[in-house]
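Remarks on the structure that follows.
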Amino acid sequence: MTKPSCEDTTLVRARDLHHGYFSFTFAPYPRVAECHPGSFVHVQLTSTDIYLRRAMSVASVNTRRHELEIIFKVFGRGTAALSRFTTGSKVNILGPLGVGFSKPRSTYHPVLVAGGVGFPPLMFLAQQMIDDGMDPKNIHFFYGGRSERDLVERARIKKMGIRFYPATDDGSLGDKGLVTKSVEKFIKDHHAKERLRLYGCGPEPMLKAVDELGMQYGVAGQISLESPMPCGIGICLGCVVKLRVGGHARVCCEGPVFEIGEVVL
Ligand SMILES: Cc1cc2nc3c(=O)[nH]c(=O)nc-3n(C[C@H](O)[C@H](O)[C@H](O)COP(=O)(O)OP(=O)(O)OC[C@H]3O[C@@H](n4cnc5c(N)ncnc54)[C@H](O)[C@@H]3O)c2cc1C
Ligand code: FES
């Protein structure tokens, strides 16, 4: 992890993605080149009475324009306050934080599994893999949510030319049922002939299922965890998880990305 710093930046673009989802772009953010898929920033809720920063994964960067994008869903008080920021607002960002995803070799077929608002860092990962020369047709993006409304930015994801597999609990889009059910079927059909690598980000029950699938079928990969994160810089120990080999790790420093099978979920 590189040494994080606090930077004042400006909200230059706010897009309402509907159904409680927002895309915010901040600029200039001087450390965009140090943001990697899985990196996150800690956003100060300037001019509100909310003291603790909120962790947000980096969804994309534009290194030429020094832009940093986050995508969030209004969940509680913190994200509701954030959603009320308007373009031109000054925002303090602590970052870049965390250890991100490691990219696979070009011979691998990455299987990205996103649940709800877990999709931004995986979208960033897919884009970087393409920028690094991977054939988009070898990237498999599974995206699950309660209903069609929860699967935002679909056109943007599909535009990358990757293989896209939506799944919804109510069957309003794609496979009906849990996204991990579709992923399991895919692994069964493909893991004998292709070298797969799993990447997961989403709610904990989904990550647990991805972790179990990886171990069951012998497919290596990584998952990105979300823990309550008071300080974000390794001091408070508010984010620790237990490791299978014994001991603990701080999600904010040793994570948020961990190897499949590494963490007790
Ligand atoms: C690495 C990481 C990346 C994330 N990326 C995204 C993302 O890309 N998009 C997204 O929508 N969400 C993301 N989250 C979750 C986000 O940070 C919020 O925690 C979540 O959206 C809860 O929303 P809220 O702050 O509105 O909830 P609130 O209701 O305001 O807070 C939930 C509860 O947690 C407590 N709490 C809030 N923050 C902290 C804290 N820092 N430490 C201790 N307790 C706290 C509050 O006091 C409250 O009781 C990420 C979290 C992590 C750890
Ligand atoms: S959030 Fe404080 S140690 Fe991780």
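About its Cα centre, what dipole magnitude does the range 42-123 give when the only charges are +1 on Lys and Arg Cβ and -1 on Asp and Glu Cβ, stated in debye to the nearest 20?
With Lys and Arg at +1 and Asp and Glu at -1, about 60 debye.
Going by Cβ distance under 4.7 Å, what cysteines of the chain have no possible disulfide partner?
Cys6, Cys35, Cys201, Cys239, Cys252, Cys253
So what are the three principal axis dimensions of the range 138-197 from its Cα atoms, in whole Å, longest to shortest?
34, 25, 13
Could you list which residues have their amide H under 5 Å from that of Cys236, counting only those 5 or more apart in sequence or on another chain, with H placed in the peptide plane?
Residues meeting the amide H criterion: Cys231.
Which residue, Ala155, Ala249, Ala55, tops the fluctuation ranking in a GNM of the chain built on C-alpha contacts under 10 Å?
Ala155
Quick one: Kirkwood hydrodynamic radius for the range 109-259, alpha-carbon pairs, angstrom, one decimal?
Across the range 109-259, the inverse of the average 1/r is 16.0 Å.
Dipole size in debye (nearest 20) for the chain around its Cα centre, Lys and Arg Cβ +1, Asp and Glu Cβ -1?
With Lys and Arg at +1 and Asp and Glu at -1, about 300 debye.
Given N residues in the range 5-97, what is its alpha carbon radius of gyration divided by 2.2 N^0.38 Å?
So the Cα radius of gyration is 0.97 times the expected 2.2 N^0.38 Å.
Name the long-range amide H neighbours of Tyr165: under 5 Å, sequence gap of 5 or more, or other chain; modelled H, no Pro or chain starts.
Residues meeting the criterion, in which the H sits 1.01 Å from N, are Phe141, Phe142, Tyr143.
Name the longest site-free stretch of the chain, where the excluded sites are chymotrypsin sites (Phe, Trp or Tyr not before Pro) in a DSSP loop with no more than 16 other beta-carbon atoms within 10 Å.
Numbers: sites that count: Tyr51, Phe75.
Within the chain, the longest run free of exposed chymotrypsin sites (Phe, Trp or Tyr not before Pro) spans 76-265.
Using only DSSP helix segments of four residues or longer, with each worth -39500 (n - 2.57), what per-residue ellipticity at 222 nm results for the chain after dividing by its residue count and rounding to 500?
Working: 5 runs with 52 residues, N = 265.
Using -39500 (n - 2.57) per qualifying helix, the result is -6000 deg cm²/dmol.
What distance in nm separates the two pseudo spin-label positions at Glu259 and Ser5, each 7 Å out from Cα along the beta-carbon direction?
Label-label distance for Glu259 and Ser5, simple model: 3.4 nm.
Only the coordinates and a few stated rules stand behind these numbers; no lab work does. Since this is a predicted model, take the numbers as computed values, not measurements. Counting neighbours? That spans all protein chains shown, and the Cβs are built from the backbone with ideal geometry, glycine included.
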